[in-house]
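Worksheet: the structure to be examined is printed underneath.
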Amino acid sequence: GRAIGLEAALKELQAQVTPQEIRIELAADVLFDFDKAELKPEATRALDNLLTVVKSRPNAAITIEGHTDVRGDDAYNRTLSQRRAEAVRSRLVAGGIPAARLIAIGAGESRPVRTGDSEADHQANRRVEVRIRDETSASSSAPSAEAAICTGAEPAPGIAACTRIIEAPNSTMAQVVDALAARAKHRLLQDDVEGAQSDVESALSRDPANTVALHNRAVINFALGRIDAALADVTEEIRLAPDAEAYATRGRFHAELGRSEAALEDLNRAVEMDPRHVDALISRAGIEIGVGKLDAAVADLDRAIAIDANQPVAYLNRGVARLLQRQFDPAIADFSQALTLTPGDGHLHFQRAVAFAMSGRVTEGLADVDRTLLAEPAHVQAHVLRAGLLEGSGRRADALAAHRRVLELDPNNRESLAAADRLSAAQ
């Protein structure tokens, strides 16, 4: 681009300048062809001017908002405006501006500057607005201690700290967006899905490229059964910031959908990027168990436990793998360790009962089945296992009663139907 002085650039751009902010409005028709998001050669002069202004404020945060006219589909217009804002952002990055200072937002047709229906009105509404705000004086509004609490692990104090940052009059846009994204995560931990959803949408309306907000929205969408939206969000997160957590999350999504090959690809990538990513190791082991790669699963779970010995699901999954390998005592030890970490868990008691049953330890198996049924009285498979253990120990009348209880819960259970007929005939 050509060299130009700051004053000349501001004048050509008709910038609105205050001590806190420079605001510049660029006509979309100068930057783009109709219905396109690729910058035109004719846009070079305006963009060079913009780059000159941005470089004059090295401590500034820059927000780039794309706007369309009100004609056409709202969702389409929002996407088009986002692509246009990102095109301007990419041009500034190519000119040497750090990407972290630039936020691109697609506002679509939501904020027209003129409400008429003439072509001049539509042309005025098709624009890209750039706001350049010096963050130096405002940065003290969210001190590091407050921000650390906001992004920390404890939900209640985290929500309070994030809220203070969001509501502080001098918080910068970047600080508000980060606080909204962090508060959404805390609210998810408190099962406040509605509040979390509101926070991520608010964060993404300000900064569609905020990866924490994208990640949290992906988790929310997946929990609500919006599978395609969840995968789209986490895939966008990977495009913007490809890290181990993003790949691990998408891998877990694929795994829960039964897409083993896609899940393994993502989880392998996560572990390559972060060999100590415990969740990725555990998730990969779960898939390996499902496809019969038991040695690989145990190896992954050994690594996960060596990194974090307080993960009950790691002991559970290793116990399952060892049970399938018919290593009964190690499996029982793993289930016992998991129960130490989560006492009274009915599923863990059931898994250990299965291990006891397979190793011929009837009394201990029955004790664990009873604990399972205390936690989950309608656990059909626990009742079936109990009936089998009773019959195996010679208590046929009790076994018949247990099978009849199964049939009360599941009248079509084939195993108990056959056993009840056999035991009744033997009386």
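The values are calculated or read from the model by the stated rules, or taken from the named source; none is laboratory data. None of the values given here were measured: they were computed from a predicted structure. Cβ sites come from the backbone with ideal geometry, for glycine too, and all protein chains shown count toward neighbours. Please note that ligands, DNA and RNA were not included when accessible areas were found on the heavy atoms of the full protein model with its side chains. Shrake-Rupley method; radii C 1.70, N 1.55, O 1.52, S 1.80 Å.
Result for the chain in a Gaussian network model with C-alpha springs under 10 Å: among SER336, SER110, SER283, the largest mean-square fluctuation is at SER110. When only Cα pairs below 8 angstrom with a gap of at least 6 residues are kept, the range 1-141 shows a relative contact order of 33 percent. Taking the square roots of five times each eigenvalue of the Cα gyration tensor of the range 29-171, the equivalent ellipsoid has semi-axes of 33, 20, 13 Å, listed largest first.
For the pair ASP117 and ALA223 in one chain, pulling the backbone fully straight at 0.36 nm per residue adds 33.9 nm over the alpha carbon distance. Add +1 for every Lys or Arg and -1 for every Asp or Glu among the other residues with Cβ under 15 Å from the Cβ of LEU281, and state the total. Surrounding charge for LEU281 is -3. Hey, what number do you get for the chain at 222 nm if only DSSP H runs of n ≥ 4 count, each worth -39500 (n - 2.57), divided across all residues, to the nearest 500? It lands at -20500 deg cm²/dmol. Taking the accessible area of the range 187-292, probe 1.4 Å, and keeping the other protein chains in place, the carbon and sulfur fraction comes to 46%.
Output the 0 to 90 degree angle, nearest 10, between the alpha-carbon long axis of helix 414-426 and the longest principal axis computed from the alpha carbons of the chain. The angle comes out near 10 degrees.
For the chain, what D do you get in µm² per second when you plug the Kirkwood radius from alpha-carbon pairs into Stokes-Einstein at 25 °C and 0.890 mPa s? D, rounded to a whole number, is 95 µm²/s.
Stretched out straight at 0.36 nm per residue, the stretch from THR235 to ASN268 would grow longer than its current Cα-Cα span by 10.3 nm.
Taken per residue, the accessible surface of the range 220-281 reaches 49 Å², heavy atoms only and a 1.4 Å probe. Rounded to the nearest 10 degrees, the inclination of helix 193-206 to the longest alpha-carbon principal axis of the chain is 30 degrees. Applied to the range 279-289, the Karplus parametrisation 6.51 cos²θ - 1.76 cosθ + 1.60 on θ = phi - 60° returns per-residue 3J(HN,Hα) values of 4, 5, 5, 5, 5, 5, 4, x, 5, 4, 4 Hz, with x for Gly and Pro. Projecting the Cα atoms of VAL354, ALA401, SER424 onto the charge dipole of the range 299-427 (Cβ charges, centred on the Cα centre) puts SER424 farthest toward the positive pole.
Applying the Karplus relation 6.51 cos²θ - 1.76 cosθ + 1.60 with θ = phi - 60° to the range 173-180 yields 3J(HN,Hα) values of 4, 4, 5, 5, 4, 4, 5, 4 Hz, where x marks Gly and Pro.
The string of couplings for the range 310-315 from the Karplus curve (6.51, -1.76, 1.60, θ = phi - 60°) is 10, 10, x, 5, 5, 5 Hz, one whole number per residue in order, with x for Gly and Pro.
I'd like the antiparallel share, as a percent to the nearest 5, of DSSP beta bridges with both residues in the chain. Here the share of antiparallel DSSP bridges comes out near 75 percent. Here the relative contact order of the chain, from alpha carbon pairs under 8 Å that lie six or more residues apart, stands at 7 percent.
The calculated Kirkwood hydrodynamic radius for the range 1-109 is 14.3 Å, given to one decimal from all distinct C-alpha pairs.
Simple spin-label estimate for MET358 and ASN412 gives 2.8 nm between the two label positions (7 Å along the Cα-to-Cβ direction from each Cα).
What is the helix-to-structure angle for 227-240, meaning the angle in degrees between its Cα long axis and the longest Cα principal axis of the chain, kept from 0 to 90 and rounded to the nearest 10? That works out to roughly 60 degrees. Summing +1 for each Lys or Arg and -1 for each Asp or Glu among the other residues whose beta-carbon sits under 14 angstrom from that of VAL200 gives -3. If only the Cβ of Lys and Arg carry +1 and only the Cβ of Asp and Glu carry -1, the dipole of the range 171-229 around its Cα centre is close to 80 debye. Would you work out which of VAL271, ASN310, GLN327 lies farthest towards the positive end of the dipole of the range 248-342, given +1 charges on the beta-carbon of Lys and Arg and -1 on that of Asp and Glu, about the Cα centre? Projecting each Cα onto the dipole axis, the largest value belongs to GLN327.
Counting only Cβ charges, +1 for Lys and Arg and -1 for Asp and Glu, the dipole size of the range 258-318 around its Cα centre is about 120 debye.
Which net charge results for the neighbourhood of ALA120, defined as the other residues with beta-carbon distances under 12 angstrom from its beta-carbon, given Lys and Arg at +1 and Asp and Glu at -1? Once positives and negatives cancel, what remains is -3. Its Cα centre serving as origin, the range 221-353 has a Cβ charge dipole (Lys and Arg +1, Asp and Glu -1) of approximately 420 debye.
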